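Heads up, the thing below is written out as structure tokens.
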Amino acid sequence: MYTEEQLLGEIKRLLGNDELYSLYEMTYREYKHYFDTTNYIVLNIYRFNDHGAIHVLLTTRRALEVLNILKRFGIKTTAEQLGKSFEWSKFIVAFGALFHDIGNMIHRDNHYEFSVLLAEPMVDGLAKKFEKEDWLLLKALTLNAIYTHDEAVPCTTIEGSCVTIADGCDMEEGRSRLAYKRDKVDIHAVSALAIDKVEIKEGDPEAPILVEAWMKHLAGIFQVDEILTKKVKSSLLSGRVRIRIHAGDEILEKVV
């Protein structure tokens, strides 16, 4: 459904900054073995679905979509509130999304802590390349976005909230975040196969972020409630996200 080159092209467009995109693409290719190893462990040990290269690229793209929508609605990011540029926010979101899951290489339990541990030296170097003076703050905000991507950890920045919501949107058929036994038919398995497509769109002043999900049947709501809704509620954007579900002729929506 998704390809590396397609997603990289979309990330380049959303970043709108050739220097930042070059840094992102170079880093992605240099550390792709991290994402491949993560995926091998997650698929073969935990029996989850994709947590590898396509997942991190897709999460980056969606997180940037959320970030750019917030910009159009005049909602200041945490970096902007601290007097930094919007380009900082792009950096934080892009590299926060890129490295958010690599901790699975160590263990699934508390993987967000291990992701920060493994990503720290890479983010240190990247922050110094992108920001010559206040690079330590940029590094800290990026590590924050990695750490808070899991719903078990409340978000404390807007950029981290973009990453966690984007991560929660990766629940299309065959891409479920929930573990399920492939030889067992239960609500996990049925729901994991129910969602055809998820898109992030511009909403309205009440809820600037619109997440639309098209599903074969309403069993897919289980995925939405157990994955996306929990992540939205753990973010600073809770109350500003509208989830619209299309299931056949039925349309259900709620602001989360």
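Kindly indicate which of ARG108, ARG62 is in contact (Cβ under 8 Å) with a residue 24 or more places away in the chain, of a type in the set (Lys, Arg) and open to solvent by 10 Å² or more (accessible area, probe 1.4 Å).
Numbers: ARG62 fails: open to solvent by 10 Å² or more (accessible area, probe 1.4 Å).
Sole residue among the options that is in contact (Cβ under 8 Å) with a residue 24 or more places away in the chain, of a type in the set (Lys, Arg) and open to solvent by 10 Å² or more (accessible area, probe 1.4 Å): ARG108.
Select from segment 226-238 the residues that are open to solvent by 60 Å² or more (accessible area, probe 1.4 Å) and part of a helix (DSSP H, G or I) and write down the one among them that is modelled with the lowest pLDDT. Across segment 226-238, the extreme among qualifying residues is GLU226.
Selection of first residues in segment 190-203 that are of a type in the set (Asp, Glu) and of second residues that are outside any helix (DSSP H, G or I) and crowded, with 19+ Cβ neighbours inside 10 Å, restricted to Cβ pairs under 9 Å at least 6 apart or on distinct chains, gives the following pairs, ordered by first then second residue: ASP196/GLU172; ASP196/ALA213; ASP196/MET215; GLU199/CYS169; GLU199/VAL211; GLU199/ALA213; GLU202/PRO208; GLU202/ILE209. Screening ILE195 with (1) within 27 Å of ASN144 (Cα to Cα); (2) modelled with pLDDT of 90 or more; (3) open to solvent by less than 10 Å² (accessible area, probe 1.4 Å) gives one miss only, at (1). Of the residues making up segment 1-38, those that are within 18 Å of ASN104 (Cα to Cα), part of a helix (DSSP H, G or I) and open to solvent by 30 Å² or more (accessible area, probe 1.4 Å) are LYS32, HIS33, TYR34, ASP36, THR37. Of the residues making up segment 135-155, those that are outside any helix (DSSP H, G or I) and either of a type in the set (Lys, Arg) or touching a Phe, Trp or Tyr at 6+ places or on another chain (Cβ under 9 Å) (or both) number 5. If the condition is being open to solvent by 20 Å² or more (accessible area, probe 1.4 Å) and free of Cβ contacts under 8 Å to residues at least 40 places away in the same chain, then segment 111-129 contributes GLU113, PHE114, VAL116, LEU117, GLU120, PRO121, ASP124, GLY125, LYS128.
When you check GLU87 against the structure, is it assigned to a helix (DSSP H, G or I), open to solvent by 10 Å² or more (accessible area, probe 1.4 Å) and more than 23 Å from GLU199 (Cα to Cα), yes or no?
Values: assigned to a helix (DSSP H, G or I): yes; open to solvent by 10 Å² or more (accessible area, probe 1.4 Å): yes; more than 23 Å from GLU199 (Cα to Cα): yes.
The answer is yes for GLU87.
The values are calculated or read from the model by the stated rules, or taken from the named source; none is laboratory data. In this text the structure is predicted, and so the values were computed from the model without any measurement. Heads up, the Cβs are rebuilt from the backbone with ideal geometry, glycines too, and the neighbour counts pull from every protein chain shown. Keep in mind that these areas ignore ligands, DNA and RNA; they rest on the heavy atoms of the full protein, side chains included. Shrake-Rupley method; radii C 1.70, N 1.55, O 1.52, S 1.80 Å.
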